[in-house]
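For reference, the structure is listed below as structure tokens.
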Amino acid sequence: MVIQRREFIKNAIGSALALAAVRISSDAFAQTNVNTPATGDLTEQANPLILRGVNLGGWLVLEKWMVPEVYRGTDAPDEYSLSLALGDQAKARLQRHRETFITAEDFRWIKNCGLNAVRLPVGYWALEAPKPFVGADDFLDFAFEQARQNDLKVVLDLHGAPGSQNGWDHSGRSGEIGWHKNPDNIKETVRVLASFAQKYGKHPALFGIEMLNEPSDQIPVEILKDFYVDAYSQIRKHAGPEVAIVFHDSFRAMAWQNFMKGPDYSNVIIDTHLYQLFNEDDSKRNAQEQIVFALGRKSALEQMQQQELPTFVGEWSLALPGYSIEDLSSFQGDLLNSAYADTQLLCFENTRGWFFWSYKLEQKSAWNFRYCVERGWLPERFPA
């Protein structure tokens, strides 16, 4: 055990030295202390806001693994199935969850932590809910008002689209990826986005509208591009150029060169999601290899911004696969989580910002921002 600890510390020191080299490199990062963007076609703004925020996941779009208590007494896998199973009781149960899971105190905590933004996942059913979904318009209004009161910016993120854009539960309904197979689904998605822009486009807390969360890489990229262009034009009818319009990269980071650039388009941002636990390569890295891999994110993000558009990291966490952490003591695990957090934060600093997934869960884990702060893995307060 002593040898194991010495080896871990030796490797951790090596990773720390590599991290320090990145910190002091003269060309490693843009001057983020004055919010100056990295080189490339970033934005018309001289000093764009660098977003540091959290996702309010599991609140207005349910994910069973995050909030299992809401699913009690059912075997429903997603919000659609849960609402169907609960029938007339669905509204009361979801209302209770929405009233208690995220409250005014949470927005104050986020502000007091030094963060400046929230990413707000919502479904296409938020304003006008087709059965069996339960609408959430009052809670959308509540979120925007709380954000305004606490000087937080909101990225309104369409997390679930009709037909499901990825077949995952957080699209509202798991199973088939059917969004792109029916043109009516795409038209309805554009209409919903226009309604969001019409209602919130001039709200002082609105930073931007994200057109679609994590569309599957199985969807032909030309279909996505046509959708993004159409949705952009409809959103812009209600939201001026001060409102960012965001599109997710569909896990195809470099597929968007020469797309949606000026002068025809303004204030467009790419959202990319960076995790290190879902694929086979992730599962084979030990602790130190995960840190080194995370360091490599910096060059990939710079490439996106230089060759494509301004970019923010809309989702990331401290979660790692079992192999990376299985032989670590509690002390070593704390070291790893802190180093992994610092490495990612440093690499994101030359982008338009980041949003941790997620602000809170029912369980304490490396996915839970508040818990990570309490454990000391993340800073107690972030710089303004």
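The values are calculated or read from the model by the stated rules, or taken from the named source; none is laboratory data. Everything quoted here is computed from the prediction, not taken from an experiment. Using ideal geometry, Cβ is built from the backbone for each residue, glycine included, and neighbour counts are taken over all protein chains shown. The protein model used for the area step is the full one, side chains on, heavy atoms only, and it has no ligands, DNA or RNA in it. Shrake-Rupley method; radii C 1.70, N 1.55, O 1.52, S 1.80 Å.
Observations
- Working ranking of peptides 192-198, 333-339 by packing, defined as the average number of other Cβ atoms within 10 Å per residue, highest first, is 192-198, 333-339.
- Mean Kyte hydropathy of -1.0 or more with a Cα span along the axis of at least 30 Å, helices from DSSP in the chain: 2-24
- Restriction of the GluC sites (Glu not before Pro) in the range 172-254 to DSSP coil positions whose beta-carbon has at most 14 other beta-carbons within 10 angstrom yields E176, E242.
- Normalised by residue number, the volume inside the convex hull of the Cα atoms of the range 155-262 is 94 Å³ per residue.
- The range 117-141 and the range 215-291: distance between their alpha carbon centers, rounded to Å: 22
- 10 Å Cβ shell holding at most 12 others, DSSP loop, trypsin sites (Lys or Arg not before Pro): longest site-free stretch of the chain: 73-236
- Solution diffusion estimate, µm²/s, Stokes-Einstein, the range 175-327, Kirkwood Rh from C-alpha pairs, 20 °C, viscosity 1.002 mPa s: 125
- Solvent-accessible area, 1.4 Å probe, carbon plus sulfur percent, for the chain: 51
- Kirkwood radius and radius of gyration were both taken over the C-alpha atoms of the chain, and their ratio Rg/Rh is 0.96.
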